[in-house]
1. Kindly check whether there is at least one residue in region 40-50 that is surrounded by 17 or more Cβ atoms within 10 Å (Cβ to Cβ), at pLDDT 95 or above and of a type outside the set (A, V, I, L, M).
2. Among the listed residues Ser74, Ser35, which satisfies the condition of being at pLDDT 95 or above and either under 15 Å from Glu11 (Cβ atoms) or of a type in the set (Val, Ile, Thr) (or both)?
3. Need the failing condition index for Trp103 against (1) in a helix (DSSP H, G or I); (2) more than 14 Å from the chain's Cα centre (by Cα), just the number.
4. Pairs please, first residue from region 113-126 and touching a residue at least 40 places away in the same chain (Cβ under 8 Å), second anywhere and of a type in the set (Phe, Trp, Tyr) and surrounded by 10 or more Cβ atoms within 10 Å (Cβ to Cβ), Cβ atoms under 6 Å, 6+ apart in sequence or on different chains.
5. Can you say whether Lys89 is within 21 Å of Ile41 (Cα to Cα), at pLDDT 95 or above and crowded, with 20+ Cβ neighbours inside 10 Å, as far as the supplied structure shows?
6. Is there a residue in region 61-69 that is outside any helix (DSSP H, G or I) and surrounded by fewer than 18 Cβ atoms within 10 Å (Cβ to Cβ)?
7. For region 10-31, how many residues are among the aliphatic types (A, V, I, L, M), surrounded by 15 or more Cβ atoms within 10 Å (Cβ to Cβ) and without any contact (Cβ under 8 Å) to a residue 40 or more places away in the chain?
8. Criterion first (over 24 Å from Ser97 (Cβ atoms), acidic (Asp, Glu) and in contact with a helix residue (DSSP H, G or I) (Cβ under 6 Å, 6 or more places away or on another chain)) does Glu30 satisfy it?
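The values are calculated or read from the model by the stated rules, or taken from the named source; none is laboratory data. Only a predicted model underlies this, so the values are computations on that prediction, with no experimental measurement involved. As a convention, Cβ positions derive from the backbone with ideal geometry for all residues, glycine included, and neighbour counts pool all protein chains shown.
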Amino acid sequence: MAEDENSVAAEVQSRNSQVKRLISERKNEEAVKVSLSNPPISSKSDPIKALNTQSILAAITACNKGEMQRAIESLTPEEEDTLMKYLAKLLGIPSQSSLILDWHTKLSAKAGMGCIMRALTDRKTV
């Protein structure tokens, strides 16, 4: 089990570095897609999940309004559900609530109410 957690931690750290690199290259839409790939839902480690959440927050805060819409349009249904889970989690950050609500509005317009329901009822948490 420890090996599994270590491999998940290594993957999340690698993805975090990749997201930072993409943001520095101004490839913000790609950073959003990368940050949503293979979330650590099997991990029981809060620091691992927190690092992945920070990667997603960095990616979505780097996007301007146009990039936000294009990033959302490029998501698969699975990625939409994953993003919705993280948006619900990130609403707890008061300083980012306006941005998170913008993402939530645009994502729910594309993905519909089913996406919200799946995010809220899925037992696999982010």
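1. Filtering region 40-50 down to residues surrounded by 17 or more Cβ atoms within 10 Å (Cβ to Cβ) leaves 40, 43, 48-49.
Applying the additional criterion that residues be at pLDDT 95 or above yields 40, 48-49.
From what is left, the residues that are of a type outside the set (A, V, I, L, M) are 40, 49.
The answer is yes; a qualifying residue exists.
2. From the options Ser74, Ser35, the qualifying one is Ser35.
3. Of everything listed in (1) in a helix (DSSP H, G or I); (2) more than 14 Å from the chain's Cα centre (by Cα), Trp103 misses just condition (2).
4. Val126/Tyr86
5. On the way: within 21 Å of Ile41 (Cα to Cα): yes; at pLDDT 95 or above: yes; crowded, with 20+ Cβ neighbours inside 10 Å: no.
Here the answer is no, as Lys89 does not meet what is asked.
6. Going residue by residue through region 61-69, those that are outside any helix (DSSP H, G or I) are 63-64.
Next, only the ones that are surrounded by fewer than 18 Cβ atoms within 10 Å (Cβ to Cβ) stay: 64.
Taking every residue of region 61-69 in turn, at least one turns out to be outside any helix (DSSP H, G or I) and surrounded by fewer than 18 Cβ atoms within 10 Å (Cβ to Cβ).
7. The initial filter retains those residues of region 10-31 that are among the aliphatic types (A, V, I, L, M), namely 10, 12, 19, 22-23, 31.
Filter once more, keeping what is surrounded by 15 or more Cβ atoms within 10 Å (Cβ to Cβ): 12, 19, 22-23, 31.
After this cut, where a residue has to be without any contact (Cβ under 8 Å) to a residue 40 or more places away in the chain as well, the list is 22-23, 31.
Selection size over region 10-31: 3.
8. Values: over 24 Å from Ser97 (Cβ atoms): yes; acidic (Asp, Glu): yes; in contact with a helix residue (DSSP H, G or I) (Cβ under 6 Å, 6 or more places away or on another chain): yes.
Answer is yes for this residue.
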